[in-house]
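Any read-out appearing in this document is the output of simple, stated calculations on the displayed coordinates, not a laboratory observation. All figures in this text were calculated on a predicted structure; none of them were measured in a lab. Ideal geometry is used to build each Cβ from the backbone, glycine not excepted, and the neighbour counts take in all protein chains shown.
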Amino acid sequence: MPRPDYGKKDEAFMEKAAPAVVGDFRFTPSQENPMCSYKVDENTYTVLNPFGAVGRIYSHEAESYDVLLISGNDKNSFHDNRICFQAQGYTIIGESQEIVSTERGDIPVTIVEVNHDVRGKIIAAMFYKGPRDKWYPTNYNLTWAMFMEQLRMGDNLDSTFFRVIPLHSNPDKKLLLEFIKKYVVAAQESSSGFF
């Protein structure tokens with residue numbers, strides 16, 4: 001089957017394609033841009049050169065999640081996010097991989113536990129959607145898949161990095177994985193399969 005034609009892919013496309021609602025969760029728009037909750041720093045654009053980056057905060061009652069999407073079609077647009085945590089003063093204290101079973105299939109997710117002298121302990125989930133709509137838990141797996149797709153003369157290397165951080169107090173890994181399960185289904189629907 002031919003791949004859908006999404007037209008020009010840029011940050012405006014990503015903002016329209018990302019879900020506004022995930023189950024009972026709604027994203028909070030910023031005053032500067034009603035299509036996202038916050039703007040990613042310019043250094044991210046300079047270093048990664050992605051199509052775009054969309055940061056949204058989804059909330060429902062006492063739960064909130066910060067979701068960052070970064071999309072591109074060059075393997076250099078994707079890096080090990082653990083390095084970013086360390087550069088921001090976080091110490092990695094634990095890491096594991098989990099499988100999130102969804103209507104879209106099983107999605108391997110990397111869970112990182114980090115600690116900061118001021119902000120305290122947080123957990124974050126990271127995963128990637130790569131060529132041929134396959135999912136990867138690390139950037140290494142993704143960049144290898146993109147390289148293999150180039151060798152196959154594949155014409156579509158579009159990929160997306162997903163980072164999800166619970167913002168509420170005492171984050172629970174089970175609730176985080178449940179949110180991710182809902183998010184990837186909502187994202188598929190809102191983006192016609194791009195995310």
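For the range 9-50, just run the numbers: alpha carbon Rg, then divide by 2.2 N^0.38 Å, N being how many residues it has.
Dividing the Cα radius of gyration by 2.2 N^0.38 Å gives 1.30.
Given the choices (1) 17.1; (2) 17.7; (3) 20.1, Kirkwood radius over Cα pairs in Å derived from the coordinates of this structure is entry (1).
Hey, got the dipole for the range 11-190? About the Cα centre, +1 on K and R Cβ, -1 on D and E Cβ, debye to the nearest 20?
Details: 18 positive and 24 negative charges, 39 e Å.
Charge dipole, the range 11-190, about its Cα centre: 180 debye, nearest 20.
To test your reading of the geometry: what angle, between 0 and 90 degrees and rounded to tens, separates the Cα axis of helix 173-190 from the longest principal axis of the chain? Its long axis makes an angle of about 40 degrees. Run through every distinct alpha carbon pair of the range 1-102 and return the Kirkwood hydrodynamic radius in angstroms, one decimal place. Kirkwood radius, the range 1-102: 15.8 Å.
Quick one: helix 139-151 against the long Cα principal axis of the chain, what's the angle to the nearest 10°, folded into 0 to 90? Between the helix axis and the principal axis of the chain, the angle is about 0 degrees.
What do you get when you divide the Cα radius of gyration of the range 88-178 by 2.2 N^0.38 Å, with N the number of residues? Display every interim value, and only then the final one.
Values: Rg = 15.2 Å, N = 91, 2.2 N^0.38 = 12.2 Å.
Rounded to two decimals, the normalised Rg is 1.24.
Based on the mean of other beta carbon atoms within 10 Å per residue, what is the order of 55-65, 157-167, 99-109, most packed first? Working shown, then result.
Details: 55-65: 17.5, 157-167: 20.4, 99-109: 15.2.
Answer by packing, highest mean first, reads 157-167, 55-65, 99-109.
Projection of the Cα convex hull of the range 128-195, averaged over all directions and equal to a quarter of that hull's surface, yields 5.1 nm².
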